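First the structure, in the form of structure tokens, and then the observations on it.
The values are calculated or read from the model by the stated rules, or taken from the named source; none is laboratory data. Note that the coordinates shown come from a computational prediction; the quantities given were computed from them, not determined experimentally. With ideal geometry, Cβ positions are generated from the backbone for all residues, glycine too; neighbour counts draw on all protein chains shown. The accessibility values were calculated without ligands, DNA or RNA, using every heavy atom of the protein model including side chains. Shrake-Rupley method; radii C 1.70, N 1.55, O 1.52, S 1.80 Å.
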Amino acid sequence: MADVIIRTRDLVKRYGDITAVDHLNLDICRGEVFGLLGPNGAGKTTTTLMLLGLTDPTSGHAWIDGHDCTRSALTVKKEVGYLPDNVGFYGDMTGRENLVFTGEMNGLTKKEANERATGLLERVGMTFAADRNAGTYSRGMRQRLGIADVLMKDPKIIIMDEPTLGIDPAGMHELTALIRELSVKDGRTILISSHELYQIQAISDRVGIFVDGKMIACGRIGDLGRQLQNEGLYMLDIKAEKEGMERAASDSLLQTILKGIPDITVLKKQPDGSLHIEAKTNIEGSLLAVLVGNGFVLREMHERGGDLDEIYRKYFEKAGESDGGTDTEQSGTEKHGLKEDVDRLLHRSAK
Amino acid sequence: MWTDFCTDLQSDDSRTNRHGFKVLYLKEFADILSSKRFWVMFFLFLLIGIVSVRGAISTIGQASQQAQQQGASLTDYLFLTLFTTSGSSIYSFSTFVGFLGPIFGIMLGFDAINNEAAQGTLNRLAAQPIYRDTIINAKFLAGATAVFAAVFAVGLWVTGLGLLISGIEPQPEEFVRIVVFLLVSVIYICVWLAISILFSTISRHAATSALACIALWLFLTMFLSLFATGLAGLLFPVNSQSATISTALGYYNLQVGISRISPYYLFSEVTQVLMNPNVHSLDIMSTLASQDSQVASYLPIGQSLLQIWPQIVAMFAEMVAGFAIAYICFMKKEIRA
């Protein structure tokens with residue numbers, strides 16, 4: 001972590017009794033794409049607002065490029081581009097006029113702003129609608145114009161809040177490519193907050209998983225997976241069947257057989273028909289032997305944990321369920337379980 | 001302290017902020033000038049101005065004919081009466097300004113902040129390199145500029161029209177009085193601009209803030225005087241047997257005191273004195289005392305201003321207070337989508 005550009009120390013934000021952000025310590029390096037992953041209401045937006053100096057932290061500090069985000073908010077705002085969640089534009093101005101206005105706000109002359117706007121509209125593929133009133137834009141167009149708007153000030157750092165929310169898959173693909181390009185080609189630092197796992201995985205160099213205002217895990221995606229394995233959590237998804245046997249019977253037989261393997265902790269049937277296995281050690285070898293020995297044919301086998309999927313499932317969906325759950329007792333125990341998991345993850349890796 | 005302030009003004013940050021302010025101010029002003037509702041109100045005012053002056057001229061014409069037959073003259077300040085005389089079926093121009101001016105102010109400000117929030121542009125704007133208060137300052141100032149421009153445009157238009165139609169020549173002092181009247185009208189309308197910006201800050205929907213503004217306007221314009229009369233009558237029963245002169249005085253003071261909360265009442269008092277040099281005082285005691293002994297004379301403009309200075313200051317204070325509360329609410333507001 002040689003060149004830290006965004007740094008927070010013990011950042012806390014409380015709204016009454018609710019702690020939206022709880023002692024957040026974050027270090028983001030220059031030029032990387034950092035994904036802030038968490039369910040709705042985890043405190044992601046609050047964190048981004050505090051980084052921009054739009055909300056004052058209850059305690060703690062945040063610095064961007066060496067400037068205190070609260071005390072020198074103006075300097076920070078000069079360097080940081082912010083794409084808010086559900087970005088809006090002045091509906092009675094054209095897309096181009098909106099961009100030129102932002103450019104002028106950032107000290108460009110009208111001519112410079114116009115030139116830059118034309119270039120950026122081209123870059124985000126919005127030239128065709130540039131002279132239409134922004135009020136007529138679709139969600140995806142607004143989002144793309146939003147990126148152009150952020151780039152009008154030529155920021156070193158870009159903070160994006162849920163940039164792909166509510167965008168169709170094709171638009172999403174374009175948008176992620178564009179965001180990735182901003183980092184790779186222009187060398188900008190990007191902090192992107194989202195609850196959409198796959199998008200974060202596709203874009204980010206590092207991710208931080210954020211639940212209930214706390215960051216419970218942070219690192220490269222691969223590292224996070226390994227972190228889980230290191231503490232004895234191996235995950236596999238398999239699809240196997242026995243020739244000449246009915247589906248249901250074959251599945252229940254398979255489960256019985258697998259229960260015989262020591263170290264397997266969780267066996268779960270998934271909606272797509274595959275079987276989810278969690279184990280304390282790497283059981284691939286014995287698993288294969290058992291399957292072949294019982295005459296099963298292995299159709300599919302995926303090792304989980306190398307991607308965010310399991311991390312997500314383990315930490316983040318649980319929190320989401322307990323947030324939305326009506327049964328308070330159940331959500332309480334789930335939260336407790338989550339806390340243990342978190343402690344395990346954090347302390348095990350520290351040891 | 002002063003030098004600190006000056007160096008601060010020279011710093012990079014405040015220069016950036018000033019530039020942002022200028023850009024935002026110009027954009028807001030342009031927005032107002034290109035909005036339909038501004039022009040609707042502007043032409044409504046212009047129309048009302050023209051019609052009310054026509055009405056005034058016909059009334060004055062009849063009155064002067066009568067006066068001539070009796071061998072007396074009307075007043076030395078005839079031109080001013082164009083603004084304050086009502087026609088047979090229409091109010092005077094100054095009454096119209098007092099009545100409809102607030103609507104003009106409300107219309108310019110009722111969705112200043114909440115519309116920005118509803119469009120999702122507020123957080124984008126706040127993320128630009130400006131201090132947060134620049135947003136509300138620029139909006140208020142742009143609104144005030146528009147009010148100033150509209151009031152003077154209409155006022156001078158009406159003056160010119162009155163001059164053309166009636167052929168009455170305004171004296172320089174009358175012209176000064178008209179300019180002061182227009183300036184006071186600007187302050188009066190800006191009171192309502194400030195109040196409407198305040199409501200636009202605290203209520204989420206533009207419709208709510210518009211209705212709240214209109215409700216407050218109706219209350220202060222129509223019902224406050226009723227309320228004042230009722231309350232004063234309760235505390236100082238002037239119609240009872242035991243009523244003394246001090247009861248009557250207490251009644252009067254309380255009633256006027258409460259009524260003066262309303263900018264409408266303040267504005268009409270200002271108009272009374274400013275546009276009619278014959279009115280010497282607003283205070284009931286001096287009016288009563290001079291009733292018998294009063295020599296028909298005119299107050300010079302300085303003296304007229306002296307009489308209404310408290311009212312002007314009170315109106316200005318109401319404007320500042322309204323804006324200050326709006327400012328504080330805006331600074332404490334949570335900026336998020």
- Qualifying position, being out of contact with any Gly (no Cβ under 9 Å at 6 or more places or on another chain) and open to solvent by less than 50 Å² (accessible area, probe 1.4 Å), among A:Leu11, A:Leu52, A:Leu36: A:Leu52
- Message: Considering only residues that are at the interface with another protein chain (Cβ under 7 Å from one of its Cβ atoms) and open to solvent by 20 Å² or more (accessible area, probe 1.4 Å), which ones fall in the stretch A:74-93?
- Response: A:Thr75, A:Lys78, A:Asp85, A:Asn86, A:Gly91
- Task: List the number of the failed condition for B:Leu47; all other conditions in (1) among the hydrophobic types (A, V, I, L, M, F, W, C); (2) within 14 Å of chain A (Cβ to nearest Cβ); (3) free of Cβ contacts under 8 Å to residues at least 24 places away in the same chain; (4) surrounded by fewer than 18 Cβ atoms within 10 Å (Cβ to Cβ) hold.
- Result: (2)
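Residue by residue, here is whether (1) of a type outside the set (Phe, Trp, Tyr); (2) in a helix (DSSP H, G or I); (3) surrounded by fewer than 24 Cβ atoms within 10 Å (Cβ to Cβ) holds:
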| position | (1), (2), (3) |
| --- | --- |
| B:Asp76 | yes, no, yes |
| B:Ser88 | yes, no, yes |
| B:Val97 | yes, yes, no |
| B:Leu100 | yes, yes, yes |
- Considering residues that are in contact (Cβ under 8 Å) with a residue 60 or more places away in the chain and closer than 23 Å to B:Ala324 by Cα, the number found within the stretch B:130-174 is 16
- Task: Please verify whether the stretch A:244-266 includes one or more residues that are in a strand (DSSP E or B) and surrounded by fewer than 17 Cβ atoms within 10 Å (Cβ to Cβ).
- Result: yes
- Item | Residues of the stretch A:55-73 satisfying the condition of being open to solvent by less than 10 Å² (accessible area, probe 1.4 Å) and away from chain B (no Cβ under 13 Å) | A:Ala62
- Message: What are the pairs with Cβ atoms under 6 angstrom where one residue, in the stretch B:196-225, is within 20 Å of B:Val97 (Cα to Cα) and the other, located anywhere, is assigned to a helix (DSSP H, G or I) and of a type in the set (S, T, N, Q)? Sequence gap at least six, or different chains.
- Response: B:Cys213/B:Ser196; B:Ser225/B:Ser259
- Criterion violated by B:Leu33 - all others in (1) within 14 Å of another protein chain (Cβ to nearest Cβ); (2) more than 26 Å from the chain's Cα centre (by Cα); (3) hydrophobic (A, V, I, L, M, F, W, C) satisfied: (2)
- Of the candidates B:Gly160, B:Gly230, the one satisfying the condition of being within 20 Å of B:Asp76 (Cα to Cα), in a helix (DSSP H, G or I), modelled with pLDDT of 90 or more and not aliphatic (A, V, I, L, M) is B:Gly160
- Checked against (1) more than 18 Å from B:Val151 (Cα to Cα); (2) surrounded by 18 or more Cβ atoms within 10 Å (Cβ to Cβ), B:Phe5 satisfies every condition except (2)
- Note on the structure: Restricted to the stretch B:181-225 and to residues being among the polar types (S, T, N, Q) and under 22 Å from B:Phe93 (Cα atoms), the residue surrounded by the most Cβ atoms within 10 Å (Cβ to Cβ) is B:Ser185
- Note on the structure: When the stretch B:120-129 is checked residue by residue, the ones that are touching a residue at least 40 places away in the same chain (Cβ under 8 Å), part of a helix (DSSP H, G or I) and facing another protein chain (nearest Cβ under 7 Å) are B:Asn123, B:Ala126
- Message: Condition first: more than 10 Å from chain B (Cβ to nearest Cβ) and closer than 30 Å to A:Gln201 by Cα. Can you find one or more residues in the stretch A:103-120 that meet it?
- Response: yes
- Task: Can you tell me which residue among B:Glu174, B:Glu169 is among the acidic types (Asp, Glu), away from chain A (no Cβ under 14 Å), open to solvent by less than 10 Å² (accessible area, probe 1.4 Å) and over 13 Å from the mean Cα position of the chain (by Cα)?
- Result: B:Glu174
- Task: Please find, among B:Leu80, B:Leu125, the residue that is open to solvent by less than 10 Å² (accessible area, probe 1.4 Å) and under 30 Å from B:Ser11 (Cα atoms).
- Result: B:Leu125
- Note on the structure: Out of (1) under 30 Å from A:Gly81 (Cβ atoms); (2) at pLDDT below 90, the one B:Ala112 does not meet is (2)
- Wholly inside the stretch A:113-231, helices (runs of 4 or more DSSP H) that include 2 or more residues that are assigned by TED's automatic domain parsing to the domain that holds A:Lys280 and either open to solvent by less than 10 Å² (accessible area, probe 1.4 Å) or in contact with a helix residue (DSSP H, G or I) (Cβ under 9 Å, 6 or more places away or on another chain) (or both) are A:221-230
- Over the stretch B:107-119, the set of residues open to solvent by less than 10 Å² (accessible area, probe 1.4 Å) and either over 30 Å from A:Met160 (Cα atoms) or assigned to a loop (DSSP other than H, G, I, E, B) (or both) is B:Gly109, B:Ile113
- Item | Any chance B:Phe93 is out of contact with any Asp or Glu (no Cβ under 9 Å at 6 or more places or on another chain), within 30 Å of B:Pro300 (Cα to Cα) and not hydroxyl-bearing (Ser, Thr, Tyr) | yes
